[in-house]
Amino acid sequence: MEANSQRREQVKEHMRASGLDGPAAAQIAAHRTRDSKQLLSPEEVLRQHRELAAQHGHQADRVVAEARQQVRQHAYVPDKAAQVSVTYARDHLFERSAVENERAILAAALGRSMGEANFSQVRQEFDRRSRRASSRR
């Protein structure tokens, strides 16, 4: 973070030299010590970012790679997502009421699946459980 922004120290130094303190003084100091903006091409900006990343061991690349690996490890299989979603809907809705309509259950299940399962997958899981419950009676 310090490598990306050395402005804070520059602002603090200006405030010390001026004998000022507080947020308003910091804002004024930030405006007075600001360098004029450089007009760089997108390629030049990208080159500078890559140089800075290299100086610091490409930390961002490692973090992104680790995050992607975790997503792959925890990715839902659509049928499993439908099962988890319908279970959540059942538990969530029936903790407040003994009877719920089908639409409310399907809506809650689809909301819980957050796109991991589509309507037909959730509907299929709901119907499977309904048939199983009916056969037990």
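The values are calculated or read from the model by the stated rules, or taken from the named source; none is laboratory data. The shown structure was predicted, so the numbers you read here are calculated from the model rather than taken from an experiment. Positions of Cβ are backbone-derived with ideal geometry, glycine not excepted, and every protein chain shown enters the neighbour counts. For the accessible areas, the whole protein counts, side chains as well, though only heavy atoms, and no ligand, DNA or RNA atoms are used. Shrake-Rupley method; radii C 1.70, N 1.55, O 1.52, S 1.80 Å.
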On Cα atoms only, tilt of 119-136 relative to the major axis of the chain in degrees: 40
Using θ = phi - 60° and Karplus 6.51 cos²θ - 1.76 cosθ + 1.60, couplings along segment 87-95 (whole Hz; Gly, Pro as x): 4, 4, 4, 4, 5, 5, 6, 7, 6
At 0.36 nm per residue, minus the direct Cα-Cα distance, what do Ala26 and Ala60 gain on full extension? Give it in nm, one decimal, please. 9.3 nm
Taking θ = phi - 60°, what integer Hz values does the Karplus form 6.51 cos²θ - 1.76 cosθ + 1.60 yield along segment 42-54, in sequence order, with x for Gly and Pro? x, 5, 5, 4, 4, 4, 5, 4, 5, 4, 5, 4, 5
If exposed means no more than 15 neighbouring beta carbons inside 10 Å and the site is in a DSSP loop, what's the longest run of the chain without any exposed GluC sites (Glu not before Pro)? 3-94
Per DSSP, the loop-located trypsin sites (Lys or Arg not before Pro) within segment 20-69 having at most 14 other beta carbons within 10 Å are Arg34, Lys37
Determine the per residue accessible area of segment 75-137 with all protein chains present and a 1.4 angstrom probe, expressed in square angstrom. 69
Return one number: the angle in degrees, 0 to 90 and rounded to the nearest 10, between the long axis of the Cα atoms of helix 23-32 and the longest principal axis of the Cα atoms of the chain. 60
With point charges of +1 on the Cβ of Lys and Arg and -1 on the Cβ of Asp and Glu, referenced to the Cα centre of the chain, which listed residue (Ala29, Ser85, Ser130) lies farthest in the positive direction of the dipole? Ser130
How big is the chain on each of its three principal axes, counting only the C-alpha atoms and giving the largest first in Å? 83, 35, 24
Multiply the residue gap between Gln70 and Phe119 by 0.36 nm, knock off their C-alpha separation, and tell me the result in nm, one decimal place. 15.0 nm
With charges set only on the Cβ (+1 for Lys and Arg, -1 for Asp and Glu), what does the dipole of the chain come to about its Cα centre, in debye to the nearest 20? 680
Mind jotting down the distance between the C-alpha centroids of segment 31-95 and segment 119-137, whole Å? 37
Could you give the angle, 0 to 90 degrees to the nearest 10, between helix 102-113's Cα long axis and the longest principal axis of the Cα atoms of the chain? 40
